[in-house]
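Asks: Attaching a single structure in structure tokens format; questions to follow.
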Amino acid sequence: MAVPGKGVQGGGHGPLAGVRVVELAGIGPGPFAAMLLADLGADVVRVDRPGGGGLAINPQYDVTNRNKRSVIVDLKAPDGPTRVLDLVERADVLIEGYRPGVAERLGVGPEECAARNPRLVYGRMTGWGQEGPLAQSAGHDIAYIAVTGTLGMIGNPGEPPAIPANLVGDYAGGSLYLVVGILAALHHARESGRGQVVDAAIVDGAAHLSAMIHGMLAAGGWQDRRGANLLDGGCPFYGTYETADGQYMAVGALEQQFYDEFIALLDLTDTAPARKDLAAWGDLREAVAARFKSRTRAEWTEIFEGSDACVAPVLSLREAPEHPHLAARATFTDHGGITQPTPAPRFSATPTAVRTGPAQPGADTEEVARDWGVPGLAKEADGHVKEADGHTKEADSHVKEDGS
């Protein structure tokens with residue numbers, strides 16, 4: 001029976017409608033990958049542990065848990081693994097983000113899951129991968145992108161590398177590669193009837209993101225240092241400039257025709273040094289910087305808006321939803337009092353949407369037990385309601401051995 005606002009059995013109406021996903025609760029790239037699958041219409045059931053997870057955020061605001069449902073299972077309880085395997089038997093995909101070997105010790109590793117469901121796609125999300133000298137070491141996004149050379153590319157020369165939040169490692173190198181792997185393996189499973197394990201490591205994904213740069217490096221078209229190349233801020237017509245009001249404009253006028261329009265709108269056509277004279281790049285940067293400092297961000301935005309100069313204002317997170325183009329496309333949406341990005345990409349036949357707010361731990365246990373045909377799940381949830389305090393310490397120790 002369809003659940004109001006959630007589509008059939010908790011899923012949506014996107015291209016993955018009908019796909020069932022079990023997410024073993026974690027932090028970072030795993031939840032984001034599961035959110036993306038949920039945004040695409042999959043019925044994602046997040047298996048939360050008693051006592052909550054390790055992310056210091058009120059669950060009501062954890063947008064990475066939108067469009068999902070949550071159940072509570074204590075994997076360290078005698079019947080905990082069985083409850084998860086009952087879900088696995090009815091699922092297409094499982095996502096876990098534990099350190100290598102933890103899922104096996106908990107009784108929900110790939111072998112146990114495949115025994116119950118040979119078609120299951122078992123998605124593993126870690127930082128270092130399932131094998132290698134550092135596989136058992138703790139880590140975070142910044143360390144993973146550091147060893148791949150990705151972090152060392154970002155920033156100004158003579159200054160420490162700039163930290164790109166956790167976007168390059170956790171989400172680009174981790175979550176997105178996990179989702180690509182899951183979708184490919186899901187296709188294979190439907191063609192062959194056989195599931196498989198997807199080993200998504202942030203170090204692998206972050207390294208893969210730099211494929212083009214490695215090609216340029218081999219060809220002699222990229223210098224192995226920060227701020228000395230076409231796309232890393234070394235080029236005066238590909239970077240950011242401060243405006244009169246202390247804000248910034250972003251410039252990406254790489255091609256000649258775009259550069260010509262850029263220089264014309266800056267009113268530097270007759271005075272700017274030749275762009276192909278690398279020795280004059282310093283002088284060109286100074287001239288461009290001086291012009292940008294002469295007006296405010298709003299003034300420059302008005303000048304460049306709609307042109308082919310490839311210039312845009314650098315907006316803050318709170319400003320971005322109000323940008324006219326993003327507003328027109330509804331790139332952001334307000335749901336449950338939270339302004340957040342809408343699902344991406346977009347589909348002509350199977351549109352996606354933010355259907356529900358962040359799943360609250362355990363709130364959907366009875367509903368999932370009914371929809372997925374796992375009555376024992378609801379019985380365990382009742383037990384945890386009565387014993388939640390007694391399990392909190394156990395859950396906390398479980399958090400320490402999880403993680404990527």
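The values are calculated or read from the model by the stated rules, or taken from the named source; none is laboratory data. This one's a predicted model, so the numbers in the text were calculated from it and none came from an experiment. So basically every Cβ, Gly included, is an ideal-geometry build from the backbone, and we count neighbours across all protein chains shown. Just the protein is used for accessible areas: all its heavy atoms, side chains included, with ligands, DNA and RNA removed. Shrake-Rupley method; radii C 1.70, N 1.55, O 1.52, S 1.80 Å.
Asks: I need the full set of residues from the range 55-100 which are closer than 21 Å to Gly123 by Cβ, within 18 Å of the chain's Cα centre (by Cα) and part of a loop (DSSP other than H, G, I, E, B), in order please.
Replies: Scanning the range 55-100 gives Leu55, Asp62, Arg66, Asn67, Gly97, Tyr98.
Asks: In the range 6-24, which residue that is among the hydrophobic types (A, V, I, L, M, F, W, C) and at pLDDT 95 or above is most open to solvent (accessible area, probe 1.4 Å)? Explain how you work it out, then say what you get.
Replies: Step one: list which residues in the range 6-24 are among the hydrophobic types (A, V, I, L, M, F, W, C), which gives 8, 16-17, 19, 21-22, 24.
Still in the running and at pLDDT 95 or above: 16-17, 19, 21-22, 24.
Working: Leu16: 25, Ala17: 53, Val19: 7, Val21: 1, Val22: 0, Leu24: 6 Å².
Step by step, filter the range 6-24, then rank; the result is Ala17.
Asks: Moving to a separate point now. Would you check which residues across the range 214-238 are out of contact with any Ser or Thr (no Cβ under 9 Å at 6 or more places or on another chain) and either touching a residue at least 24 places away in the same chain (Cβ under 8 Å) or basic (Lys, Arg) (or both) and list them?
Replies: Selection gives Arg225, Arg226, Gly227, Ala228, Leu230, Asp232, Gly234, Cys235, Pro236, Phe237.
Asks: Do we have any residue at all in the range 103-118 that's open to solvent by 40 Å² or more (accessible area, probe 1.4 Å) and in contact with a strand residue (DSSP E or B) (Cβ under 7 Å, 6 or more places away or on another chain)?
Replies: Step one: list which residues in the range 103-118 are open to solvent by 40 Å² or more (accessible area, probe 1.4 Å), which gives 104-105, 111-112, 114-116, 118.
Pick out the ones that are also in contact with a strand residue (DSSP E or B) (Cβ under 7 Å, 6 or more places away or on another chain) and you get none.
There is no residue in the range 103-118 that is open to solvent by 40 Å² or more (accessible area, probe 1.4 Å) and in contact with a strand residue (DSSP E or B) (Cβ under 7 Å, 6 or more places away or on another chain).
Asks: Just give me the residues in the range 314-355 being surrounded by 14 or more Cβ atoms within 10 Å (Cβ to Cβ) and of a type in the set (A, V, I, L, M), in sequence order.
Replies: Val314, Leu315, Ala320, Leu326, Ile338, Ala353, Val354
Asks: Okay, moving on. Residue by residue through the range 121-139, note down the ones that are in contact (Cβ under 8 Å) with a residue 60 or more places away in the chain and open to solvent by 10 Å² or more (accessible area, probe 1.4 Å).
Replies: At the first step, the residues of the range 121-139 found to be in contact (Cβ under 8 Å) with a residue 60 or more places away in the chain are 121-130, 138-139.
Those that are in contact (Cβ under 8 Å) with a residue 60 or more places away in the chain and open to solvent by 10 Å² or more (accessible area, probe 1.4 Å): Arg124, Trp128, Gln130, Ala138, Gly139.
Asks: Okay, moving on. Tell me, yes or no, whether the range 254-275 has at least one residue that is over 18 Å from Asp232 (Cα atoms), touching a residue at least 40 places away in the same chain (Cβ under 8 Å) and of a type in the set (Ser, Thr, Tyr).
Replies: No, the conditions are met nowhere in the range 254-275.
Asks: In addition: May I ask you to verify whether Ala2 is of a type outside the set (Phe, Trp, Tyr) and modelled with pLDDT of 95 or more? I'd like the intermediate steps shown before the answer.
Replies: Working: of a type outside the set (Phe, Trp, Tyr): yes; modelled with pLDDT of 95 or more: no.
So Ala2 fails the test.
Asks: Checking Leu36 against (1) open to solvent by 10 Å² or more (accessible area, probe 1.4 Å); (2) under 21 Å from Arg370 (Cα atoms); (3) modelled with pLDDT of 95 or more: exactly one of these is not met. Which one?
Replies: Answer for Leu36: the failing condition is (2).
Asks: I want to confirm something. Restricting to the range 248-289 and keeping residues that are open to solvent by 30 Å² or more (accessible area, probe 1.4 Å) and of a type in the set (Val, Ile, Thr), which single residue is nearest to the chain's Cα centre (by Cα)?
Replies: Thr269
Asks: So, one more: Here is a check on your reading of the model: is Ile27 open to solvent by 20 Å² or more (accessible area, probe 1.4 Å) and touching a residue at least 40 places away in the same chain (Cβ under 8 Å)? Break it down stepwise before answering.
Replies: Working: open to solvent by 20 Å² or more (accessible area, probe 1.4 Å): yes; touching a residue at least 40 places away in the same chain (Cβ under 8 Å): yes.
Yes: the conditions hold for Ile27.
Asks: Quick one: how many residues across the range 282-319 are among the aliphatic types (A, V, I, L, M) and over 14 Å from Met249 (Cα atoms)?
Replies: First pass over the range 282-319, keeping only residues among the aliphatic types (A, V, I, L, M): 284, 287-290, 298, 303, 309, 311-312, 314-315, 317.
Filter again for over 14 Å from Met249 (Cα atoms), leaving 284, 287, 317.
Residues flagged as among the aliphatic types (A, V, I, L, M) and over 14 Å from Met249 (Cα atoms) within the range 282-319 amount to 3.
Asks: While we're looking at this one, here's another question. Please specify each residue of the range 39-54 satisfying the condition of being open to solvent by less than 30 Å² (accessible area, probe 1.4 Å) and more than 13 Å from the chain's Cα centre (by Cα). Steps first, answer last, please.
Replies: First, pick out the residues of the range 39-54 that are open to solvent by less than 30 Å² (accessible area, probe 1.4 Å): 39-50, 52.
Residues satisfying the conditions are Leu40, Gly41, Ala42, Asp43, Val44, Val45, Arg46, Val47, Asp48, Arg49, Pro50, Gly52.
Asks: Right, another one. Which of the residues belonging to the range 227-264 are among the polar types (S, T, N, Q) and in contact with a helix residue (DSSP H, G or I) (Cβ under 6 Å, 6 or more places away or on another chain)? Break it down stepwise before answering.
Replies: Within the range 227-264, the first condition is being among the polar types (S, T, N, Q), and the residues that meet it are 229, 240, 243, 247, 256-257.
Result: Thr243, Gln247.
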